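K.L.:
Got a structure for you, written out below as structure tokens; questions coming shortly.
The values are calculated or read from the model by the stated rules, or taken from the named source; none is laboratory data. The shown structure was predicted, so the numbers you read here are calculated from the model rather than taken from an experiment. All Cβ positions, even for glycine, are placed from backbone atoms using ideal geometry, and neighbour counts span all protein chains on display.
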Amino acid sequence: MGKIDKNPFYIKIVQFIKYKIGSDKLIKNIAMVTGGTALGQVINMLFSPVITRIYSPEEYGILSVFTSILLISSFSSLKYEVAIPIAKDKYEAYYLFSLSLFVLTSVTLIVGIGVYFFEDVIFQTFNAQSLQPYKYFIPLGIFFQGIYRIYKQWMFRMKNFKLVSKTKVGQTLVGNTTKVVMGLLNFGGVGLVIGRIVSVSAGSFSFYKQYRTIEFKDKRIKLAKIKEIALTYKDFPLFQSSTTAILQFRNQFPVLFLAPLYGTQVVGLYGLASTIVKIPMTLVGQSVMDVFFAEIASIGKDNPKEIKELSNNLLKKLIMIGTLPIILLALIGPYLFTFVFGEEWYEAGIYVRILAIYIFANFMFSPISKIFEVFRKQYIKLLIDLTSLVIMSLVFASAYYFNLDARVTVFLYSVAMAMVYTATYIIAQMVLNKESDK
């Protein structure tokens, strides 16, 4: 007689999952980064009911607008930092790192001067008059956010995913604690703004300490070499930063244009809905994108068939992972928001249902867009994003012209974004096919 297996079925399942994670390097790295992001999102969820009871939808609207401006400004290093993981050696990466810091500092100074001398024009352009009392926090937020992003790219070069994972937890814990404490002290909207700055920058010092362990024979910056590197990687500021600016501006269309159309309260409701519905995407999606980029960067552009196979396998996994959370949010959104955040946030749950269409498409298809960077085809991504910006403009122009209801406007936006992400995936596959044929 054979040996009787006394292990319960659930233990077998756990062992199988551990085996799959341990035997697949990509999945293992994704799991590591996702673990920190997951814990961070759990912390966000635990703090959210407290924050929504301390701050009003109008004050949350201020946070949404401030967050939108920071996201639009995420090209503050002209995206030179994105090239750090794919630099041919550590000295070239070091010059890219230094160049990124220099550009970030210059952009921060320009924004600070602009806010000081031209605040009325700037805030009217972005429909962000509610932020004028907090205008000096904008350059601070841009700078500290940029520092974290630059150091994070160096960690990706080192494949130090564990440290990146830890900073994700620290960001949410420290940022949310700041919001709650300042809210209880009756700081109002400024508490949310400061909490956001703390959140996007926490972990930078840990990155810095790790960065200092790297040994260089000569750390002196040569101006000629800086110029050479800036020209060598000029496609990143020309295409990547332009794409990022357009992409973030497009993504923040609802926040920037719902305010003048429907008021700050609607922006606050939409802002909370957008934050919560993006949890499945943030939980796994951004981590997947970061790890996928690190992996395909190490594979290199000379192996498009391997990258294509990796991307197709990844898509199947993302569909399996993302389907259930999105369906649940769409089904119970309004009831969940009422129970967790309070009666005044019921409408935010309605927006969750609507946004589920776009979030699921983003979750499935956005990681593949990283292949444009590896194959230096950023101009294609730029054309895609320019087209999508025109589409979003038409959506909100239609909302204004036809006096559409806020729900209808958000629905049109959600469907249009889903179509954009689907088209991006199809075009990326076409690029891989063409590179494979070569």
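K.L.:
Does residue 238 qualify as being at pLDDT 80 or above, part of a helix (DSSP H, G or I) and surrounded by fewer than 20 Cβ atoms within 10 Å (Cβ to Cβ)?
P.N.:
Spelling it out, residue 238 is indeed at pLDDT 80 or above, part of a helix (DSSP H, G or I) and surrounded by fewer than 20 Cβ atoms within 10 Å (Cβ to Cβ).
K.L.:
Can you list the helices (runs of 4 or more DSSP H) lying wholly within segment 38-146 that have 1 or more residues being within 19 Å of the chain's Cα centre (by Cα) and under 27 Å from residue 173 (Cα atoms)?
P.N.:
57-72, 90-117
K.L.:
Still on this model: Output yes when any residue across segment 140-150 is of a type in the set (S, T, N, Q) and at pLDDT 90 or above, and no when none is.
P.N.:
Yes, some residue in segment 140-150 is of a type in the set (S, T, N, Q) and at pLDDT 90 or above.
K.L.:
Looking at (1) of a type outside the set (Val, Ile, Thr); (2) at pLDDT 90 or above; (3) within 20 Å of the chain's Cα centre (by Cα), can you tell me which one residue 168 breaks?
P.N.:
Status for residue 168: all satisfied but (2).
K.L.:
Moving to a separate point now. Which condition number in (1) under 20 Å from residue 411 (Cβ atoms); (2) under 20 Å from the mean Cα position of the chain (by Cα) is the one that residue 369 fails?
P.N.:
(1)
K.L.:
If only one of 416, 423 is in contact (Cβ under 8 Å) with a residue 12 or more places away in the chain, farther than 22 Å from residue 330 by Cβ and assigned to a helix (DSSP H, G or I), which one is it?
P.N.:
423
K.L.:
If residue 381 satisfies all but one of (1) surrounded by fewer than 18 Cβ atoms within 10 Å (Cβ to Cβ); (2) at pLDDT below 90; (3) not hydrophobic (A, V, I, L, M, F, W, C), what's the number of the condition it fails?
P.N.:
Condition not satisfied by residue 381: (1).
K.L.:
Now for a separate question. Among what's in segment 332-352 and is among the small types (Gly, Ala, Ser) and buried (at least 21 other Cβ atoms within 10 Å of the Cβ), pick the residue that is modelled with the lowest pLDDT.
P.N.:
Across segment 332-352, the extreme among qualifying residues is 333.
K.L.:
Answer yes if at least one residue in segment 353-366 is modelled with pLDDT under 85 and either within 23 Å of the chain's Cα centre (by Cα) or part of a helix (DSSP H, G or I) (or both), and no otherwise.
P.N.:
Within segment 353-366, one or more residues are modelled with pLDDT under 85 and either within 23 Å of the chain's Cα centre (by Cα) or part of a helix (DSSP H, G or I) (or both).
K.L.:
Something else about it: Just checking, which of 283, 272, 329 is among the hydrophobic types (A, V, I, L, M, F, W, C), modelled with pLDDT of 85 or more and either at negative phi or in a helix (DSSP H, G or I) (or both)?
P.N.:
None of the others qualify; the one that does is 272.
K.L.:
Right, next: Looking at segment 189-225 only, could you name the residues that are aliphatic (A, V, I, L, M), more than 30 Å from residue 68 (Cβ to Cβ) and part of a loop (DSSP other than H, G, I, E, B)?
P.N.:
214, 221 - these are the residues of segment 189-225 that are aliphatic (A, V, I, L, M), more than 30 Å from residue 68 (Cβ to Cβ) and part of a loop (DSSP other than H, G, I, E, B).
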